[in-house]
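Engineer: Could you have a look at this structure, given as structure tokens, before my questions?
Read the figures in this text as sums done on the coordinates, not as results from a lab. Here the structure is a predicted model, which means the values were calculated and not measured. Counting neighbours? That spans all protein chains shown, and the Cβs are built from the backbone with ideal geometry, glycine included.
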Amino acid sequence: METFGSDKVPLRPPSKLDFRILFGILPVVAFYIGYQWHAYAAIGLGFVATVVAYYGSDRKGLVGIFALFGLLVATVAALVGIVLEDERAFLARDAAIDFLLASLGLGSLLLGRPVVGLVLRDMWPALRDLLPLRHRAFVLATGVFVITNLFQGTVRTWMLFGGFSVGEYLVYSRLFGWPVAGIMIAIIAHIVRKAARREAAKRRHNP
């Protein structure tokens, strides 16, 4: 990991693939298996797989808090789905998480503590020496985070309640969500890396 004295900012992905990211697909597979029998089976297996994925993920720092947040939303969605005996109520957690994350991002901007800055500075401590939390790069990146989650939540809501079958939703919501999330991460990384490199160059020329 480089320090601020280098043109390359410490936003590089790990050199080794973290296979824990594959845990994220478990709830989808488990839900689909249960869906072949009954709504209760789909919700139950999907929730159990969500718990397994949570405990198999990286639960450290702010990333862990976000993971716990997702688990809590899944718990509420599972209870609502069981009461209503409706698997779509459980699947609605996807859009609910999107809208809640967008609200969190917007609230963090209003409080002057952009959430993207909080997360990235927690994941890459070297950024703390480069960019203050209220740096405009973090503000812009959090804006991208908010807009992306609003867009994703709206599309997922339409997919779930706009005529798609449950099976179609499971497939198309992931085919839609993964690329969108990847593009968002790439844009945020570009914004922050560019700002950090500019700040690093400024410090070298003005020690």
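Engineer: Place a +1 charge on the Cβ of each Lys and Arg in segment 19-205 and a -1 charge on the Cβ of each Asp and Glu, then give the dipole magnitude about the Cα centre in debye, rounded to the nearest 20.
Structural biologist: Magnitude of the dipole: close to 1360 debye.
Engineer: Output the peptides 83-94, 100-111, 179-190, 42-53 sorted from most to least packed, where packing is the average of other Cβ atoms within 10 Å over each peptide's residues.
Structural biologist: Output ranking for 83-94, 100-111, 179-190, 42-53: 42-53, 83-94, 100-111, 179-190.
Engineer: Let me ask something additional. So which trypsin sites (Lys or Arg not before Pro) in segment 114-166 pass both tests, a DSSP loop state and at most 14 other Cβ atoms within 10 Å of the Cβ?
Structural biologist: Sparse-neighbourhood loop trypsin sites (Lys or Arg not before Pro): Arg134.
Engineer: Can you give the convex hull volume per residue for the Cα atoms of segment 19-205, as a whole number of Å³?
Structural biologist: Normalising the Cα hull of segment 19-205 by residue number yields 111 Å³.
Engineer: Something else about it: Neighbouring Cβ atoms within 10 Å as the yardstick, rank Ile82, Ile65 fewest first.
Structural biologist: Ordered from fewest to most neighbouring Cβ atoms within 10 Å, Ile82, Ile65 come out as Ile65, Ile82.
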